[in-house]
Each structure stands twice: as structure tokens, then as C-alpha cells.
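Single-structure report; data block below.
The values are calculated or read from the model by the stated rules, or taken from the named source; none is laboratory data. None of the values given here were measured: they were computed from a predicted structure. Positions of Cβ are backbone-derived with ideal geometry, glycine not excepted, and every protein chain shown enters the neighbour counts. Calculation scope for accessible area: heavy atoms of the full protein, side chains included, ligands and nucleic acids excluded. Shrake-Rupley method; radii C 1.70, N 1.55, O 1.52, S 1.80 Å.
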Amino acid sequence: MRKTLTFILSFLIFSTVNAQVKRQFSKVKNSVISQKFHEIVIENKNSKKVKDCLNYNCTTDTKLSYCDDKSDENYTEFVELGIIKNSEIIVINKITYNEDSYILINQKECKQIELKGLPLKIENSNRYLVYNNPSTDNPYSIQIVDIENSIATILDEIILPKHIIPKRVLRIEKTEIYILDNNNFVWKAKI
């Protein structure tokens with residue numbers, strides 16, 4: 001039993017360290033053609049809070065509830081922004097003292113994901129790009145999200161090293177991402 005537990009812990013630690021080591025960022029000397037990223041269009045849904053809670057009934061007889069906590073220790077507020085146009089995805093802004101995040105809900109399937117920012121649509125694809133606006137304790141990160149049939153899935157999350165402060169993402173290809181930093185250097189990494 002002890003050997004099995006030791007093996008599992010060693011494997012998990014090695015996998016985590018190995019995953020961070022594999023993500024290499026290299027400077028790009030050639031110019032990179034920028035893709036177009038579009039803000040998502042959110043249509044108002046007019047949901048009302050009941051006793052400081054947003055409540056959703058799913059078609060699977062399951063309920064989702066997001067309730068405000070106005071305490072000093074755990075302040076959290078949920079604000080429904082609406083539905084992403086041409087989808088069934090509800091967008092909720094989760095506000096805490098330190099940061100905002102966004103919850104995407106497919107009410108039909110009762111599936112939800114939490115993103116570190118509002119998604120930007122990548123040209124004519126089902127993929128979306130999400131930047132975070134980190135608090136001082138957290139690193140910059142970029143999430144790549146796929147939305148198909150009104151179900152959102154996080155495909156990858158790229159944690160940027162401290163020396164790369166992103167100005168914007170220039171391009172996302174099938175296996176690489178190109179990032180322009182605040183010093184106007186272009187970096188690429190595998191995704």
C-alpha cells in the first residue's frame with residue numbers, strides 16, 4: 001500500500017513538473033501576421049435574483065445556484081450578463097475582492113466552466129481566447145476555449161513566465177501561440 005501511494009505521489013509530482021518544463025517560450029525574429037479577435041456579443045436575458053441568488057433549472061432536473069456572499073471574509077457577487085448571441089450559453093460575472101471571473105453555463109446540459117476573463121472569438125472558428133487580469137499574487141495566463149453546440153470546453157491554459165507581460169496575442173495556430181509582450185517582443189509556445 002505504501003509503495004503504491006509513494007509511486008502515485010511521485011508520478012503526480014513528476015507529471016506536474018514535467019508539464020511546466022515542456023512549455024518553452026522562444027523569441028520570434030520574423031514578423032507574424034495577426035489574427036482578428038472579436039468580442040462576444042451578449043444579449044440580455046433579464047434573469048432576476050431571488051434572495052441574492054441566481055437560480056437556473058436545467059433540463060436534466062438539476063439546479064444551479066450562484067448566491068452572493070456579502071461577508072468581509074468571502075465577498076462574492078454574481079451578475080448575469082446575458083446569453084452569448086446565437087448560442088444557449090449564459091454568461092455570469094463572478095466578482096470577488098481580488099479578481100473577476102466569468103462562468104459560462106449551458107442550461108440545457110447543466111454544464112459550466114469558469115474562465116479568467118471574457119472570451120474573444122478567434123476569427124471564423126469555434127475557438128475563443130481568454131486573457132486574465134491577475135491580482136498581484138497570480139501570473140498572467142491565457143486560456144483557449146472551444147465552444148461547440150453551446151458547450152464550452154477549456155482546451156489549454158498557458159501560464160506565462162514572469163518575464164513575459166502580454167500586450168496581446170497575435171496568432172493561435174493548431175499547435176502554437178504567438179504573443180506580443182509589453183516590450184514589443186514576439187514569443188511563441190506550443191499548445
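A few remarks follow.
- Among the listed options (1) 18.8; (2) 19.4; (3) 16.4, the one matching Kirkwood radius over Cα pairs in Å as calculated from these coordinates is (1).
- Electrostatic dipole magnitude of segment 75-191 [Cβ: Lys, Arg +1; Asp, Glu -1; Cα centre; debye, to 20]: 380 debye
- Average accessible area per residue (Å²) across the chain - probe 1.4 Å, nucleic acids and ligands excluded: 65 Å²
- The label point for Lys167 and the one for Asn55, both projected 7 Å from the Cα toward the Cβ, are 5.0 nm apart.
- Across the options Asn184, Asn126, Ala152, the greatest Cα extent toward the positive end of the charge dipole of the chain (unit charges at beta carbon of Lys, Arg, Asp, Glu) belongs to Asn184.
- 0 to 90° range, to nearest 10: angle between helix 2-22 axis and the chain longest Cα axis: 70 degrees
- Most mobile of Tyr66, Tyr97, Tyr128 in a GNM of the chain (Cα contacts under 10 Å): Tyr97
- Interchain or long-range residues, amide H under 5 Å from Gln107's placed H: Ile90
- Between Lys70 and Asn46, the simple label model (points 7 Å from Cα in the Cβ direction) yields a spacing of 2.6 nm.
- Computed from phi, the 3J(HN,Hα) profile of segment 43-49 under the Karplus parametrisation 6.51, -1.76, 1.60 (θ = phi - 60°) reads 9, 5, 10, 6, 7, 10, 7 Hz, with x in place of Gly and Pro.
- Portion, in percent, of the accessible area of the chain that falls on carbon or sulfur, probe 1.4 Å: 50 percent
- Where labels lie 7 Å past Cα in the beta-carbon direction, separation of Arg23 and Lys174 in nm: 2.3 nm
- Accessible area of Cys67 in the full protein assembly, 1.4 Å probe (Å², nearest 10): 60 Å²
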